[in-house]
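Peer 1: Starting off with a structure, shown below.
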Amino acid sequence: LSMTLTSCGKVGEISITSAGIESLTPRGLKGFDAVVLLGIHNPTVEFTVSSVEGNVLHDGSEFATFSADTITVARKSDRVYPLPCSLTLTDRLAVVRLLPSLTSGDMEGITANVTARLRLRSGLRMRLKFKNLDIQEMVSGEAEEVKPDEMEKLSRNLSYA
């Protein structure tokens, strides 16, 4: 119990240290499959990230939504994890206007809002919300560590599942 409570205190120290796009593959006319590389700083126990979803905006207007697979983050680690994602276009005309910028790697004005569920081995579950993530800064490595804007406890079950 003491190890669980100690590790729960460090949950707020978990952060995203880097982000990049490993691959982007068209899927039909309305979507893409992508692999995003996420650098994650984890000073606590192993946890699982699931139910990752969100939207992508350009200058405040949504042009895509996305969801991602589940990943397991190793305990007390600083690693880069590949995160397979599925991106669905909500505004095809915005993408046509943005295509020249995106192919050249210029992602100026593109932001994302992300929610994810985090589950510790202890059974503790939390919902994390990241708002207005600047994609240009993250992909170029200019962003500092990104911490969630909101952390909401979903359960207090401290028994091992």
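Peer 1: Can you say whether residue 2 is surrounded by 15 or more Cβ atoms within 10 Å (Cβ to Cβ) and modelled with pLDDT under 85, as far as the supplied structure shows?
Peer 2: Values: surrounded by 15 or more Cβ atoms within 10 Å (Cβ to Cβ): no; modelled with pLDDT under 85: yes.
When the stated conditions are applied, residue 2 does not pass them.
Peer 1: Tell me, which residue of segment 5-18 that is open to solvent by less than 30 Å² (accessible area, probe 1.4 Å) and not in a strand (DSSP E or B) is modelled with the highest pLDDT? Break it down into steps so the answer makes sense when it comes.
Peer 2: Residues of segment 5-18 open to solvent by less than 30 Å² (accessible area, probe 1.4 Å): 7, 11, 14-16.
Those left that are additionally not in a strand (DSSP E or B): 7, 11, 14.
On the way: 7: 45, 11: 70, 14: 82.
Ranking the candidates gives 14 first.
Table: residues versus (1) part of a loop (DSSP other than H, G, I, E, B); (2) within 21 Å of residue 71 (Cβ to Cβ); (3) modelled with pLDDT of 85 or more.
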{"residue": "111", "(1), (2), (3)": "no, no, yes"}
{"residue": "117", "(1), (2), (3)": "no, yes, yes"}
{"residue": "127", "(1), (2), (3)": "no, yes, yes"}
{"residue": "136", "(1), (2), (3)": "no, no, no"}
{"residue": "143", "(1), (2), (3)": "yes, yes, no"}
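Peer 1: Right, next: Mind listing whichever residues of segment 61-89 are touching a Cys at 6+ places or on another chain (Cβ under 9 Å) and either exposed (fewer than 15 other Cβ atoms within 10 Å of the Cβ) or not in a strand (DSSP E or B) (or both)?
Peer 2: We begin by selecting, within segment 61-89, every residue touching a Cys at 6+ places or on another chain (Cβ under 9 Å); these are 66-69.
Within segment 61-89, 67, 69 meet the criteria.
Peer 1: Under the condition of being at pLDDT below 90 and polar (S, T, N, Q), which residue from segment 19-47 is most open to solvent (accessible area, probe 1.4 Å)?
Peer 2: Among them, the one singled out is 25.
Peer 1: Does residue 71 qualify as being at pLDDT below 85 and either closer than 23 Å to residue 126 by Cα or within 14 Å of the chain's Cα centre (by Cα) (or both)? Outline the logic, then answer.
Peer 2: Numbers: at pLDDT below 85: no; either closer than 23 Å to residue 126 by Cα or within 14 Å of the chain's Cα centre (by Cα) (or both): yes.
So residue 71 fails the test.
The values are calculated or read from the model by the stated rules, or taken from the named source; none is laboratory data. Keep in mind it's a predicted model, so treat the numbers as computed, not measured. Reconstructed Cβ throughout: ideal geometry from the backbone, glycine too, with neighbour counts over all protein chains shown. Side chains are part of the model used for accessible areas, which takes the heavy atoms of the whole protein and leaves out ligands, DNA and RNA. Shrake-Rupley method; radii C 1.70, N 1.55, O 1.52, S 1.80 Å.
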